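Undergrad: Take a look at this one; I'll ask things after.
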Amino acid sequence: MGKDYYGILGVGKNVSEEELKKAYKKQALKWHPDRNQGNKEQAEEKFKDIAEAYEVLSDPKRKQIYDTWGEEGLKGGIPAGGGGPGPDFGGTAFHFSPGMFLYL
């Protein structure tokens, strides 16, 4: 199972851009390694997770992929049988109109 980006930032799936940004700033300040000298390794790991979560959830395309297929969909492409072009369709030409092909 992949990471729960919503849980990492402490927000729900219907979060607004403004609320997402506030949650990111709050968590980033809380877990910044310079503010957690006593447990710097854990803080660095959490800080990386917070940045990754914000990077995904603030990008509408990546957020849609994450919401549909989770972290695995972001990192490894759409899972096999996912109902769309993905790893199973590599090298296949799809014909859209005369003379136009899309190679995946």
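Values in this text are rule-based calculations from the coordinates and carry no lab data. The structure presented is a predicted model; accordingly, all values stated were derived computationally and were not measured. Reconstructed Cβ throughout: ideal geometry from the backbone, glycine too, with neighbour counts over all protein chains shown.
Undergrad: Beta carbons within 10 angstrom, averaged per residue: use that to sort the peptides 60-73, 11-24, highest first. List each step's numbers first, then the result.
TA: Details: 60-73: 15.2, 11-24: 13.4.
Top of the packing list down: 60-73, 11-24.
Undergrad: While we're here: What dipole magnitude, in Debye to the nearest 20, does the range 8-72 give about its Cα centre under +1 on Lys/Arg Cβ and -1 on Asp/Glu Cβ? Before the final figure, lay out the partial values.
TA: Details: 13 positive and 14 negative charges, 63 e Å.
The dipole magnitude comes to about 300 debye.
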